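Let me begin by presenting the structure, written as structure tokens, before commenting on it.
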Amino acid sequence: MEQERQENAAIIDVINWIKKHKEPFFTTLVIIAVIALIITFVCIRIKMVNIAASDKLNMATQVISSGNIDQGMILIDDIINTYGKTPSASQAVIMKAGNLIFQKKYDEAETVLKNYIEKANPKAVRPIGYPLLISVYDNNNNPEQAIFVAKEFLTKYPDNYLAPSVMETLARIYELSGQEEESKNVYKDISDKFAGTVYAERANEKLK
């Protein structure tokens, strides 16, 4: 009973306070309601934009898969330009870079990927750009720059799931450029750090 009386008294105190401060209280309520409406609108808008970008990306993928690459890349560019801050736009950039590499337009691919690595959102997707950028330099007969980018990636993201693949590429580039000792060291690192994986198996074969 005592607890119930205390609770009732607290409720009465709140009611009396509201009566005394009616105007500022209801003004605060209106402000909170407006803020809540704005937040809800923004969340819905973001969700709708993400859905639209995802739908267009799926369409672009289907068009490219059907063999109409030029039309697909027009859709890809539209996604990048119209929905630049969505996850779909980040995927579209990677697809565009891959197509540029396929066409041997290495300078354009380099520009696209450098911008992706610097600005892609969310930041968690930025590591994906490194293997493609390494590929740009590797295919364009620039092993020094490929090595530099691979080492930069491994310094920034040593525990990333792409690390063993990047290390394997680095070892191969060292090997092809005549830096055999550096190549062996990287293969040894792969064997030690990723024991039991296919990367370690291939590294061990190379070390033999």
Notebook entry, point to check: Across region 82-97, what is the number of residues that are hydroxyl-bearing (Ser, Thr, Tyr) and either within 11 Å of the chain's Cα centre (by Cα) or not assigned by TED's automatic domain parsing to the domain that holds ASP70 (or both)?
Noted result: 3
Notebook entry, point to check: Do any helices (runs of 4 or more DSSP H) entirely within region 120-208 hold 3 or more residues that are of a type in the set (A, V, I, L, M, F, W, C), touching a residue at least 12 places away in the same chain (Cβ under 8 Å) and crowded, with 19+ Cβ neighbours inside 10 Å, and if so, which?
Noted result: 129-139, 143-156, 163-176
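The values are calculated or read from the model by the stated rules, or taken from the named source; none is laboratory data. Remember, it's a predicted structure, so these values are computed and weren't measured experimentally. Because the Cβ atoms are built from the backbone with ideal geometry, glycine has one as well, and the counts that use them run over all protein chains shown.
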